[in-house]
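K.L.:
Can you read through this structure? Questions will come right after.
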Amino acid sequence: MSTDSKRITHLVGGSSWTGVAERTSKVYNPATGQVTGELDLASAATVDEVVKVAHEASKAWGQTSLTKRAQVLFAYRELVNRDKERIAQLITAEHGKVLSDAIGEVTRGLEVIEFACGIPHLLKGGYSEGVSTKVDVYSIRQPLGVSAVISPFNFPAMVPMWFVPIAVACGNSVVIKPSEKDPSAANAMAELWKEAGMPDGVVNVVHGDKEAVDRLLEHPDVKSVSFVGSTPIAKYVYENGTRNGKRVQALGGAKNHMIVLPDADLDLAADAAVNAGFGSAGERCMAISALVAVEPIADELIGKIKERMGKLKTGDGTRGCDMGPLVTGEHRDKVAGYVAAGVEAGAELVVDGRGGDFDGAADGFWLGPTLFDKVTPEMSIYTDEIFGPVLSVLRTPSYDEALELVNSNPYGNGTAIFTNDGGAARRFQNEVEVGMVGINVPIPVPMAYYSFGGWKNSLFGDTHAHGTEGVHFFTRGKVVTSRWLDPSHGGINLGFPTHD
Ligand code: NAD
């Protein structure tokens, strides 16, 4: 470990773990290429230790009144808001996204905390008086116990916040397993729960890789798993978690299309394509990676996009640049490999992000914004989720062919249409087979009180994240049928209960 490299470890029962890790992994600053942290990777035994603490804590927390739970949520909201910038700095230092983008991520996470502050209202059940003579029926929702939250590198604060505030508001305890690439934000966010008055053991963080995830998937005291990551791992987590009897929501990868119709405002569309294609270096599950231009506007639109790309500054996220580096050197090389494959396959490379001028250290994981034209559906730059700053333009002659392209894609996370024709937009929202749809909005991430989730290979499970679906995911329903007798007796009746 270099002198500048800090140890990053698990948070269990309100304190840092004091054990000795059998395995560790390196954490980098992507803008410098330097190792900044050594992360403890949990063994199965360490996961057991953390789940045991969470399980014990869930018993009392699940019995804590709604008023008290909501008070902790309100206090937590204030603390995250207070420390927004500090958390964002941790994100920039390990993920590489520019500071303003990192602040935006924490802000979107705050919205979920604010939603969860309304838990007394959200958990209200139904009540039917007099369903039969002197018989009432009512429904209640109860916590599950221990919930596991396994998150990806690209939103180290926001994605855990999609789940954790709602899980704990519902009376569960949580074990968060952040990405091993940028683990510090999750620790900082978890520490704030203690300051907010959360009892120790309700919110825990365990760091690790496949070994930790596999143990969470099989541990009998883990009752639900909320996973976000790439499609193959999401599918794996869903299949293994459900096989072990757990409730699982597993959000996977994406290939988001933006259709531009000939009547669209092309300046608005060009701005949107650049923002959604290159924001966070394309490392967003809602990034636009395929732009479908319905002819005859492709040439004009590409000209406008190219002009805007020429003004983008790529560099260290702390220096006021537009776009930061990629998360690791390995990932940068993989994305650059896709650029080479696109050229090889015959796509027209309009802007090449390889090489170029970057405002940062020479060893940073740099790749500039890249634009391809005349991309066709069989090319790997179209079929694969690249997860980098590479935007591919496909040209189609009609709306119907554009729609067919979107609907035949195996992913269905987000999509957008740009048009000034309300009828076309309405038809699109009805016909498109994608979970989140934007109309003249390129990154249609729903507000916290709606639910976030894609279709097809972008989500495995029935329940989307946050909103009322989140409350349902983190609770079990129970229906009570009660009779408070008059001081008379109904007598013996062995028939199936019906209502009179
Ligand atoms: P990833 O799948 O590599 O990792 C996600 C999590 O799974 C991490 O915590 C990681 O430690 C764990 N993991 C990795 N390999 C594993 C294995 N073999 N077995 C068990 N667990 C394993 O994803 P990533 O690279 O961190 O994140 C980027 C991906 O996440 C992209 O595909 C992106 O589209 C997707 N994503 C989706 C959404 C969504 O809402 N649908 C949101 C954000 C990111």
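The values are calculated or read from the model by the stated rules, or taken from the named source; none is laboratory data. Remember, it's a predicted structure, so these values are computed and weren't measured experimentally. Neighbour counts run over all protein chains shown; Cβ positions are idealised from the backbone, glycine included. Please note that ligands, DNA and RNA were not included when accessible areas were found on the heavy atoms of the full protein model with its side chains. Shrake-Rupley method; radii C 1.70, N 1.55, O 1.52, S 1.80 Å.
K.L.:
Looking at Thr133 and the list (1) in contact with a Ser or Thr (Cβ under 9 Å, 6 or more places away or on another chain); (2) open to solvent by 40 Å² or more (accessible area, probe 1.4 Å), which single condition is not satisfied?
P.N.:
Of the numbered conditions (1) in contact with a Ser or Thr (Cβ under 9 Å, 6 or more places away or on another chain); (2) open to solvent by 40 Å² or more (accessible area, probe 1.4 Å), the odd one out for Thr133 is (1).
K.L.:
Find the residue count for the range 429-450, including only residues that are surrounded by fewer than 21 Cβ atoms within 10 Å (Cβ to Cβ) and either out of contact with any helix residue (DSSP H, G or I) (no Cβ under 9 Å at 6 or more places or on another chain) or part of a loop (DSSP other than H, G, I, E, B) (or both).
P.N.:
The first filter runs over the range 429-450 and keeps only residues surrounded by fewer than 21 Cβ atoms within 10 Å (Cβ to Cβ), leaving 429-433, 437, 439-441, 443-447, 449-450.
Next, from what is left, pick out any that are either out of contact with any helix residue (DSSP H, G or I) (no Cβ under 9 Å at 6 or more places or on another chain) or part of a loop (DSSP other than H, G, I, E, B) (or both): 429-430, 432-433, 440-441, 443-447, 449-450.
Of the residues in the range 429-450, 13 are surrounded by fewer than 21 Cβ atoms within 10 Å (Cβ to Cβ) and either out of contact with any helix residue (DSSP H, G or I) (no Cβ under 9 Å at 6 or more places or on another chain) or part of a loop (DSSP other than H, G, I, E, B) (or both).
K.L.:
Output the residues belonging to the range 86-121 that are assigned to a loop (DSSP other than H, G, I, E, B), open to solvent by less than 10 Å² (accessible area, probe 1.4 Å) and over 14 Å from Met158 (Cβ atoms).
P.N.:
Within the range 86-121, the first condition is being assigned to a loop (DSSP other than H, G, I, E, B), and the residues that meet it are 96-98, 117-118.
Remaining after also requiring open to solvent by less than 10 Å² (accessible area, probe 1.4 Å): 96-97.
Answer for the range 86-121, where residues must be assigned to a loop (DSSP other than H, G, I, E, B), open to solvent by less than 10 Å² (accessible area, probe 1.4 Å) and over 14 Å from Met158 (Cβ atoms): just Gly96.
K.L.:
Listed residues Gly388, Gly467, Gly368, Gly412; which is within 25 Å of the chain's Cα centre (by Cα) and at positive phi?
P.N.:
Just one listed residue meets the conditions, Gly467.
K.L.:
Let me ask something else about it. Being under 23 Å from Ser458 (Cα atoms) and in contact with a Leu (Cβ under 8 Å, 6 or more places away or on another chain) is the filter; apply it to the range 414-428 and report the residue that is surrounded by the fewest Cβ atoms within 10 Å (Cβ to Cβ).
P.N.:
Phe428
K.L.:
A further question follows. Suppose we keep only residues that are among the small types (Gly, Ala, Ser) and assigned to a strand (DSSP E or B) within the range 205-251. Which one would you say is nearest to the ligand (Cβ to nearest atom)?
P.N.:
Filtering the range 205-251 for residues that are among the small types (Gly, Ala, Ser) and assigned to a strand (DSSP E or B), the one nearest to the ligand (Cβ to nearest atom) comes out as Ala250.
K.L.:
Taking the condition open to solvent by 10 Å² or more (accessible area, probe 1.4 Å), closer than 30 Å to Val202 by Cβ and under 20 Å from the mean Cα position of the chain (by Cα), does Arg243 pass?
P.N.:
For Arg243, the condition - open to solvent by 10 Å² or more (accessible area, probe 1.4 Å), closer than 30 Å to Val202 by Cβ and under 20 Å from the mean Cα position of the chain (by Cα) - is not met.
K.L.:
If you don't mind, there's one more thing I want to ask. Considering only residues that are open to solvent by 50 Å² or more (accessible area, probe 1.4 Å) and touching a helix residue (DSSP H, G or I) at 6+ places or on another chain (Cβ under 8 Å), which ones fall in the range 350-374?
P.N.:
Scanning the range 350-374 gives Asp352, Arg354.
K.L.:
Still on this model: So is Lys181 within 9 Å of the ligand (Cβ to nearest atom), open to solvent by 20 Å² or more (accessible area, probe 1.4 Å) and out of contact with any Asp or Glu (no Cβ under 6 Å at 6 or more places or on another chain) or not?
P.N.:
Yes, satisfied.
K.L.:
Near the ligand (Cβ under 9 Å from one of its atoms), of a type in the set (A, V, I, L, M, F, W, C) and part of a helix (DSSP H, G or I): is that true of Ala254 in this structure?
P.N.:
Answer is no for this residue.
K.L.:
Residue under question is Gly277, and the condition is that it be open to solvent by less than 10 Å² (accessible area, probe 1.4 Å), within 16 Å of the ligand (Cβ to nearest atom) and outside any loop (DSSP other than H, G, I, E, B); does it hold?
P.N.:
yes
K.L.:
Continuing with the same structure: Do you know which residues across the range 429-446 are touching a Leu at 6+ places or on another chain (Cβ under 7 Å) and either over 22 Å from Thr463 (Cβ atoms) or modelled with pLDDT under 95 (or both)?
P.N.:
The answer is Glu431, Asn440.
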